[in-house]
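Novice: Just passing along the structure, written as structure tokens.
The values are calculated or read from the model by the stated rules, or taken from the named source; none is laboratory data. Not measured: the values here are computed from a predicted model. Neighbour counts are summed over all protein chains in view; Cβ atoms, including those assigned to glycine, are modelled from backbone coordinates with ideal geometry. In case anyone asks, the SASA skips ligands and DNA or RNA and just uses the protein heavy atoms, side chains included. Shrake-Rupley method; radii C 1.70, N 1.55, O 1.52, S 1.80 Å.
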Amino acid sequence: MIANAQGKPSADLHQLVAESDTGGRKVGGFVGKLIFAIAVGWSLFQLWYASPLPFALGWGVLNDTEARSLHLGIALFLAFLCYPGFRSASRSSVPWYDWLLAMVGAFAGAYFILFYVELATRPGKPILVDIVTATIGLVLLLEATRRAVGLPMTILALLFLAYILLGKYLPDVLAHKGASWERMLTHQWLTTEGVFGVALGVSSGFIFIYVLFGAMLDRAGAGNYMMQVSFAMLGHLRGGPAKVSVVSSGLNGLISGSSVSNVVSGGIFTIPLMKKAGYGGVKAGAIETMSSVDGQIMPPVMGAAAFLMVEYVGIPYPEICKHAFLPAVLSYISLFYIVHLEAVKLDMKPLVQRSGRSMREKATAWGLGISGTIVASCTIYFVAEAVKSMAGNAAPWILSFLLGALYVWTVYLASKCPDLPPDIDVDNPVQPETWPTVKAGLHFLIPIGTLIWCLMIEELSPALAAFWATAVLIVLMATHRLLTVLFRKQAGASAELKRGLMDVIDGLNDGARNMIGIAIATGTAGIIVGGITLTGLGFRMTDFIEFVSFGNVLVMLLFTAFVCLVLGLGVPTTANYILVATLMAPVIVELGAQSGLIIPLIAVHLFVFYYGIMGDITPPVGLATFAAAAISGEDPIQTGIQGSMYALRTVVLPFVWIFNPQLLLIDVNGWFELVLVVLASLSASLLFAAATMGWFRTKCSWWEIALLLVATFMLFRPNFFMDMLYPPYADKPAKEVFAIARSLPEGDRIVLVIEGTNVEAEVVKKTVAVQLGKPGDGRRRLAEAGLTLQALGDEARITGVKFGSRAKKSGFEQGWKISAIKVPTDRPSEHWIYIPALALAAFVWFLQRARMRAPAMA
């Protein structure tokens, strides 16, 4: 039994979520309170670490390595207390051996912070205690990974450790000189190249605070608010429950990156309602799975792997959000269209009825709602900017006061509306009124707005932006019920204040429990990355992938997608991304450059990210699919297959942006071109959804599907056809590099053909590009991108490539010469291809319209 009569999750379903996200143990008594206190303390430490307070007070400042060590130490301690070692182990008590493992694991994880000074005095010369601690720590990390993440990732890490130690015994294509046990342990545990590397640093610096923000916002009631608003707006439509699932999951994706918890929190209501509407259990589960999994691709709070891109790609997190925004929106809109087509195909009727309104009244209501949102957003923006320009140093205090006033006003509006119901009545659903439902939770949007403002407008670091958003959220959680009682002039103010403070503490616990598995996974991913850096495996991957793909970029991408999907069967998204991005992303960029194809690094990383997420859907192991099948009572394999069919519209997008980066808003110049790209991409997504569903206005014939697919391709890849008619670039001599760099607008890329000798002493020519910053002198702009050039007569040579710079990550090589500069030709805009593409779609539309009319006329 999965749910009770009221549609509440059953104990079995709660246990499924716990085993996946927070740990299967639920311990009472003193031990339970101790675990709770440590989890809350972990969250408080991470808030402190993300805040400006340590630097303002000059106390408690930790460097990255110390913070990573404490982060992993606490994670190991909680992992052994919260995750049972065996299926048969008790879920209500902690055995003595888990206490022992927890304490030893905490010591090993925190070894860096406990003995930081001593370790700093003997770099590369470990003593016996260091080796013993590193050995025990590595073993316990692998055991914690088996419990919290799963056996497949443990096996993968063991394979990389074996590869390090046994390299000299392997075939030539994989062989390396090998490493001793001491060398391996030093690299993996006593430096920042392995376990304590970039992945764990991102976990402690970025991921925790965002997971905490999402957990606390859900605890405050924002998740239920998103569900209720979606139901109020869409519940009366044909296929309404499925549309509610799509929209509410998209909104929840703003605050949560967990596929499984998204499925359970929303699916417990939407899946039964979808079944009742006529979708059937398999399709209902598949729709909820796809809706929830796509939450990981929705900015600003994306899946944990997205924060790793900041380090791997070398661009700020707001830029990553900007690049990821359009594909995420397209994915959700096309899924919304898919569930609508399913409803039309099945001839569904609305599940709930709303009092009839004319089309004019509906248009007026939507117009007022959209225009009111735009006006409110613009007012907030311009008022804030005016205060910043006029108030000087007092601006933060004035803005804080105005934000507090806005919060109090939104709570006042909410107090005049009925309280939101805690759930949706599955048996007798009643659709609430839209505007009162929206007003009842407007204050939940303030922390989200604060996060977006700090990230996008103020351009704060991701951690600091999340800290201020979480600080606002803590105030909201503590006071919104108290203010509601006061505005309603009801009794019980002190009880509501106490309840709000307990919500804050419970939210801190939720965030920490959700982070255990992620922290362990990023630590173990460090073993894999350490194995790659110690053995030089990354250099061998270029030859291997080139051999497998025969140098064909499309085949190479298909191979990468296949690897991501296979790893996704047992490895979580974060680890999947780290492994594939570390091994294959640079190779794809490199081989693409050698083929004359300029592939932005962010495009490759988002490609890997998307396909890693698909592992939560694809059978036979997708956890999100199993959760949805548990609610629907259907076979998880069939649910996964159906979900994979719905996922086709998401699966195709990464291939599109590799060959047309405008989908990631790269090389989009001006608002007019932006509007064109967005509308064309949206049309292409809808046409592709119709083609895969075999239904446009009515059932499609095979040749109508073919025409829709051709139109889709033309809208997604207009450059393919224009490139056949006109060359996209013209070559300019290398001596003009500084003049061309000076002439390009901010954000544009300079494209160079470079030539040199690689490590195998082979002469290689490749096409590379690097994004330029603010306008100015060409030499300075190139230097800011990490590139130092020297012009000698008609030639130019790369004399320096700054480590970790945009130029280095884009594939520039020191000592290579510039063969040519590629500048865009003065050709007709590729967007003219949209006209015949839309004409094809219109032809199918009117053809089907005539076919629909024929029986009626007969």
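Novice: Condition first: part of a helix (DSSP H, G or I) and surrounded by fewer than 16 Cβ atoms within 10 Å (Cβ to Cβ). Now tell me which residues in the stretch 808-844 satisfy that.
Specialist: Of everything in the stretch 808-844, those that are part of a helix (DSSP H, G or I) and surrounded by fewer than 16 Cβ atoms within 10 Å (Cβ to Cβ) turn out to be W832, I835, P836, A839, A842, F843.
Novice: Within the stretch 451-462, can you find the residues that are open to solvent by 20 Å² or more (accessible area, probe 1.4 Å) and not aromatic (F, W, Y)? Walk me through how you get there before you give the answer.
Specialist: Just the residues of the stretch 451-462 that are open to solvent by 20 Å² or more (accessible area, probe 1.4 Å), to begin with: 452-453, 456-461.
Matches in the stretch 451-462: I452, M456, I457, E458, E459, L460, S461.
Novice: Enumerate the pairs (first residue in the stretch 706-731 and under 19 Å from V668 (Cβ atoms); second residue anywhere and open to solvent by 70 Å² or more (accessible area, probe 1.4 Å)) with beta-carbon separation below 7 Å, excluding pairs fewer than 6 apart on the same chain, so at least 6 apart or on different chains.
Specialist: P728/P824; Y729/P824
Novice: Okay, next question. Identify the residue in the stretch 775-786 that is touching a helix residue (DSSP H, G or I) at 6+ places or on another chain (Cβ under 7 Å) and charged (D, E, K, R) and, among all such residues, is surrounded by the fewest Cβ atoms within 10 Å (Cβ to Cβ).
Specialist: D777
Novice: Collect the residues in the stretch 47-64 that are among the polar types (S, T, N, Q) and more than 25 Å from the chain's Cα centre (by Cα), keeping them in residue-number order.
Specialist: Quick first cut of the stretch 47-64, residues among the polar types (S, T, N, Q) only: 51, 63.
Of everything in the stretch 47-64, just one residue is among the polar types (S, T, N, Q) and more than 25 Å from the chain's Cα centre (by Cα), namely N63.
Novice: So, A839, is that one in contact (Cβ under 8 Å) with a residue 40 or more places away in the chain, small (G, A, S) and under 27 Å from D723 (Cβ atoms) or not?
Specialist: Values: in contact (Cβ under 8 Å) with a residue 40 or more places away in the chain: no; small (G, A, S): yes; under 27 Å from D723 (Cβ atoms): yes.
Criteria not met by A839.
Novice: Hand me the list of helices (runs of 4 or more DSSP H) wholly inside the stretch 270-369 holding 1 or more residues that are open to solvent by less than 40 Å² (accessible area, probe 1.4 Å) and modelled with pLDDT of 85 or more.
Specialist: In the stretch 270-369, the matching helices (runs of 4 or more DSSP H) lie at 281-293, 317-345.
Novice: Does I448 count as at pLDDT below 85, under 17 Å from M227 (Cα atoms) and open to solvent by less than 30 Å² (accessible area, probe 1.4 Å)?
Specialist: No; evaluated as a whole, the condition is false for this residue.
Novice: Considering only the stretch 230-249, state which residues are surrounded by fewer than 24 Cβ atoms within 10 Å (Cβ to Cβ), in a helix (DSSP H, G or I) and touching a residue at least 24 places away in the same chain (Cβ under 8 Å).
Specialist: If the condition is that a residue be surrounded by fewer than 24 Cβ atoms within 10 Å (Cβ to Cβ), in a helix (DSSP H, G or I) and touching a residue at least 24 places away in the same chain (Cβ under 8 Å), then A232, M233, V247 are the ones that fit.
Novice: Quick one: count up the residues across the stretch 114-173 that are open to solvent by less than 30 Å² (accessible area, probe 1.4 Å) and either closer than 22 Å to N63 by Cβ or among the small types (G, A, S) (or both).
Specialist: Here the count works out to 12.
Novice: So, in the stretch 78-106, how many residues would count as being touching a Leu at 6+ places or on another chain (Cβ under 8 Å) and loosely packed, with under 13 Cβ neighbours inside 10 Å?
Specialist: Number satisfying all stated conditions: 0.
Novice: Which residue is most open to solvent (accessible area, probe 1.4 Å), if the candidates are limited to the stretch 693-725 and must be over 22 Å from W657 (Cβ atoms) and part of a loop (DSSP other than H, G, I, E, B)?
Specialist: R697
Novice: Also: In the stretch 787-807, what count of residues is obtained for those that are buried (at least 17 other Cβ atoms within 10 Å of the Cβ), touching a residue at least 24 places away in the same chain (Cβ under 8 Å) and within 24 Å of V313 (Cα to Cα)?
Specialist: Residues flagged as buried (at least 17 other Cβ atoms within 10 Å of the Cβ), touching a residue at least 24 places away in the same chain (Cβ under 8 Å) and within 24 Å of V313 (Cα to Cα) within the stretch 787-807 amount to 6.
Novice: Also, quick follow-up: Using the structure shown, decide if V764 is assigned to a loop (DSSP other than H, G, I, E, B), closer than 17 Å to Q814 by Cβ, at pLDDT below 85 and within 37 Å of the chain's Cα centre (by Cα).
Specialist: no
Novice: Moving to a separate point now. Keeping to the stretch 510-552, report how many residues are small (G, A, S) and without any contact (Cβ under 8 Å) to a residue 60 or more places away in the chain.
Specialist: Total satisfying the criteria: 3.
Novice: Which of (1) part of a helix (DSSP H, G or I); (2) of a type outside the set (S, T, Y); (3) open to solvent by 20 Å² or more (accessible area, probe 1.4 Å) is the odd one out, the single condition L476 does not satisfy?
Specialist: The one condition L476 does not meet is (3).
Novice: Among (1) buried (at least 20 other Cβ atoms within 10 Å of the Cβ); (2) farther than 19 Å from I516 by Cβ; (3) touching a Gly at 6+ places or on another chain (Cβ under 6 Å), which single condition is D64 missing?
Specialist: Checking D64 against (1) buried (at least 20 other Cβ atoms within 10 Å of the Cβ); (2) farther than 19 Å from I516 by Cβ; (3) touching a Gly at 6+ places or on another chain (Cβ under 6 Å), the one that fails is (1).
Novice: Exactly one of these conditions fails for P733: (1) modelled with pLDDT of 85 or more; (2) open to solvent by 50 Å² or more (accessible area, probe 1.4 Å); (3) in contact with a Gly (Cβ under 9 Å, 6 or more places away or on another chain). Give me its number.
Specialist: The one condition P733 does not meet is (3).
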